[in-house]
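The values are calculated or read from the model by the stated rules, or taken from the named source; none is laboratory data. Every value quoted in this text rests on a predicted model; they were computed, and no experiment measured them. Quick reminder, even Gly has a Cβ in these numbers, built from the backbone with ideal geometry, and neighbours come from all protein chains shown. Surface areas here come from the heavy atoms of the whole protein model, side chains and all, with no ligands, DNA or RNA. Shrake-Rupley method; radii C 1.70, N 1.55, O 1.52, S 1.80 Å.
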Amino acid sequence: PYYVDLNQELFLQASLQSSDENLTLFVDTCVASPDPSNFRTLTYELIRSGCPKDPTYKNHSSPHSHFAQFQFNAFSFINRYPSVYLQCELVVCRKGDRSSRCYQGCVNRFKRDAGS
């Protein structure tokens, strides 16, 4: 566990363990939950499909493509839960591949109307 104060800035970094310098890492989705085994019921989205959902979320660029870095302010779930757990989905892409998910950034997916 990592103990922090409410609203304290948290800095996180994920790293890709590969010797292939042509790979890059992208944070697609991060969801928080007070239950480490349930990220569907009571959740809080920090970022979804590359789109920040929390106003304190900030993505940081790294000079090394094998690192993904971001920050957000610590929060609590209705002051009833002592711990918050994170589940993040990251994407690995070929560096320079502009058609890959890593270079698309925020992707808003809208449902289509089937019509009458």
Search result, residues across the range 91-112 that are surrounded by 15 or more Cβ atoms within 10 Å (Cβ to Cβ) and part of a strand (DSSP E or B): V91, V92, C93
So for the range 55-65 (the condition being closer than 21 Å to D5 by Cα, surrounded by 15 or more Cβ atoms within 10 Å (Cβ to Cβ) and of a type outside the set (S, T, N, Q)), does at least one residue qualify? yes
Members of the range 46-77 that are in contact with a Leu (Cβ under 8 Å, 6 or more places away or on another chain), in a loop (DSSP other than H, G, I, E, B) and farther than 12 Å from A32 by Cα: Y57, S65, H66
Residue list for the range 16-39, restricted to those being within 20 Å of S100 (Cβ to Cβ) and among the aromatic types (F, W, Y): F26
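Check whether at least one residue in the range 24-31 is in a loop (DSSP other than H, G, I, E, B) and in contact (Cβ under 8 Å) with a residue 12 or more places away in the chain, and report yes or no.
Scanning the range 24-31 turns up no residue that is in a loop (DSSP other than H, G, I, E, B) and in contact (Cβ under 8 Å) with a residue 12 or more places away in the chain.
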Within the range 1-40, track down each residue that is among the polar types (S, T, N, Q), more than 23 Å from C106 (Cβ to Cβ) and open to solvent by less than 50 Å² (accessible area, probe 1.4 Å). S18, N38
